[in-house]
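Each remark here refers to the structure printed beneath this line.
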Amino acid sequence: MKHLLAGLGVGLLGACAAPPGLVQPEAASGFTAKPGWTFQRQAVAAANPLATEAGAEILRAGGSAVDAAIAVQMVLTLVEPQSSGIGGGAFLLHHDGRKLQAFDGRETAPAAVGEKLFLNAQDEPLPFATAVNSGRSVGVPGAVMMLALAHRQHGKLSWARLFDPAIQLAEEGFPISPRLHTLLAADVALKSDPVAAAYFYRADGQPHPVGHVLRNPELAQVLRNIAAAGPSALHEGPVARAIVNKVRQHPALPGALTLEDLKRYQPREREALCFDHTAALRALRICGFPPPSSGAIAIGQTLGLLARTLQASAPLVNDLPSSDWLHSYNEASRLAMADRAQYLADPDFVASPAGSWSSLLDARYLDDRARLIGPTRMPQSPAGQPGGVQSGWAPMPEQPEHGTSHISIVDGFGNALAMTTTIESAFGSRLMVSTDPGRPGGFLLNNELTDFSFAPRDARGQPVANRVEPGKRPRSSMSPTLVFDKSTGELLMSTGSPGGAFIVHYTAKVLHGVLQWGLSPQAAVDLPNFGTLGGPLVLEQGRFPLATVQALQQRGHTVQQGELTSGAQALVRSGGAWLGGADPRREGIVAGD
């Protein structure tokens, strides 16, 4: 397993500059065609071959989907440190053949912070990069605690066994992949942290080359401690003290995280958010994560509004979405993004509109909203009033939202999951934790608090729903998704993607591609990316013909093109087999039996 990456021929592209208004979660590192996969019994789709193989190894040892997800996450902490890890959080959607559960391991704000966390002395928002690369951005990690909760309910192998693949790789080392090398070379802030600089870079400041075997004995020891003692080894004791010291001793902008914050963290089990959807004359039930994620609601609104247009069942044209379809999709998603900015935040702090988050997916509400979609671009895309109730919130101003990694797994026992996991920005807060300065390596801390609105109120003093508050979980776009046949309850699909706020579009594209256009999961993932955050329509660079761009411009759209670096994974039930797809824009694969 250790040298699997060395054989992958990943073509590299330099980190591309984003067009104005488009902040990329992670730089592009190439496009490598993936074959698609077929398995009869069980499968793991993850963002790195070493992590995928670790999950498949656990399944073959008799482990459950949750067992495999834990092994995958621990290996990703090591081999894909830019995207997720034990210093971050995750959302896990799990189905055991009967019951659907949503496990919330989202990070929380420390008890001592307030709504002005990201304002300067003049009450102006800090520059985004300044806030990210600081102690203020670090939330209380939740991924390990959440995975332990899920394991207590659904694990089959011992907790300690699940750490073996990651500990072995951390001790023996793994070859630096082309993608990790590209991102290390592109990042200007990571080497400002002495621990990270000593681990990822050579003495001359250049990243270690592709294929360099990188060992992380510090992480190996931390994982051994967690394997032996459970999440308390991360949330209490020497590792917790090292986390707190790293955050509070930041030289420019220290944070307020305390040992008590770490000790008191609790994952949540929430009710999954599901909605009915008809595609290719088949009644489906699509289920995703509820708030504090905005993903399921935004996807449900976008697909629901699109279904009410003339483009609902429009086919691909020359294997690409047409300009007519892209126009309708864009207008639908602009309306969804407006509601997202107005209403969505941590449900423990913010009440749902009209008494239910499902009010944003109500058929009559979507009927009314769909009437705003016409043949040309709407001049404005205002938030709606579900249930006729006027909101007391100010809309959240647009600001960047960053990275993540996605995992889809089905096991041989009838369990399935979709898990999206994150440290937010590429390499998180750029703060690397180590308990022993003489031992190389460590793990990176998240910058998840920058998912809160920097501006807590509008000019009239009206509060933003997603403002910073003590103990609050920041709003997310992570969209782990499971799809069921509505009439039989059979699980049909597990999918999701990294990609910041564009996660909504990447996941919606795969869903529509498989369910409506009848594509294989690999073909759906391969489709060019597109989307909007409410402003310009962004198309994946070089993937659409000029005629499509011009047709969209004639409808009033401002069209930008850029590297939209999704990392979607998908498993789809087909007959008696599982078909798998992994994103060609990153280095993931699917493995199983």
field: MET419, MET378 arranged by Cβ crowding within 10 Å, fewest neighbours leading
entry: MET378, MET419
field: Check: region 287-404 dipole with +1 on Lys, Arg Cβ and -1 on Asp, Glu Cβ, in debye
entry: 280 debye
message: Among DSSP bridges having both ends in the chain, what percentage is antiparallel? Round to the nearest 5.
response: 90 percent
Point-charge dipole on Cβ atoms (K/R +1, D/E -1) for region 419-478, about Cα centre, debye to 20: 180 debye
- prompt: Near the amide H of ALA582, under 5 Å away, which other amide H atoms are found, from residues 5 or more places off or on another chain, if H is placed in the peptide plane?
  reply: GLY36
message: Using the Cα centre of region 443-537 as origin and beta-carbon charges of +1 (Lys, Arg) and -1 (Asp, Glu), tell me which of PRO470, PRO498, ALA508 is placed farthest towards the positive end of the dipole.
response: PRO470
message: Using amide H atoms built in the peptide plane, which far-off residues or other-chain residues are under 5 Å from LYS472 H to H?
response: ALA109
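Set the Förster distance to 51 Å, then compute FRET efficiency between ALA160 and THR278 from the Cβ-Cβ distance, nearest 0.05. Don't jump to the answer; show the numbers that get you there.
Numbers: r = 46 Å, r/R0 = 0.90.
The formula returns an efficiency of 0.65 here.
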query: Suppose every K and R has +1 on its Cβ and every D and E has -1 on its Cβ; what is the size of the dipole of region 360-479 about the Cα centre, in Debye to the nearest 20?
result: 320 debye
- line: With the charge dipole of the chain built from beta-carbon charges (+1 for Lys and Arg, -1 for Asp and Glu) about the Cα centre, the Cα from LEU564, PHE443, ALA351 projecting farthest to the positive end belongs to ALA351
- prompt: What residues have an amide H closer than 5 Å to that of GLU401, excluding those fewer than 5 places away on the same chain, when H is modeled at 1.01 Å from N in the peptide plane?
  reply: ALA501
query: Quick one: what does P(r) look like for the chain with 20 Å bins over all Cα pairs, in whole %?
result: 23, 59, 18, 0
Karplus (6.51, -1.76, 1.60) ³J(HN,Hα), θ = phi - 60°, over region 126-139, in Hz, Gly and Pro reported as x: 5, x, 4, 5, 4, 5, 4, 8, 7, x, 5, 7, 7, x
message: Just to be sure I follow the definition: excluding the sites themselves, where is the longest run in the chain that has none of the trypsin sites (Lys or Arg not before Pro) in a DSSP loop with at most 10 other Cβ atoms within 10 Å?
response: 100-370
message: Among SER381, ALA394, GLY489, whose Cα projects farthest towards the positive end of the dipole of the chain, with charges put on the beta-carbon of Lys, Arg (+1) and Asp, Glu (-1)?
response: GLY489
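Can you pick out the pairs among LYS34/LYS156; LYS116/LYS246; LYS156/LYS472; LYS156/LYS509 whose Cα atoms lie more than 26 Å from each other? Numbers along the way, then the final one.
Numbers: LYS34/LYS156 32 Å; LYS116/LYS246 22 Å; LYS156/LYS472 33 Å; LYS156/LYS509 34 Å.
Violating the 26 Å Cα-Cα cut-off are LYS34/LYS156; LYS156/LYS472; LYS156/LYS509.
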task: Could I have the simple spin-label model distance between ALA351 and SER574, label points 7 Å from Cα toward Cβ, reported in nm to one decimal?
output: 4.8 nm
- prompt: Karplus couplings for region 202-208 from phi (6.51 cos²θ - 1.76 cosθ + 1.60, θ = phi - 60°), rounded to Hz, Gly and Pro as x?
  reply: 7, 4, 7, x, 8, x, 4
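Any read-out appearing in this document is the output of simple, stated calculations on the displayed coordinates, not a laboratory observation. The model shown is predicted, which means the values in this text are computed figures rather than measured ones. Reconstructed Cβ throughout: ideal geometry from the backbone, glycine too, with neighbour counts over all protein chains shown.
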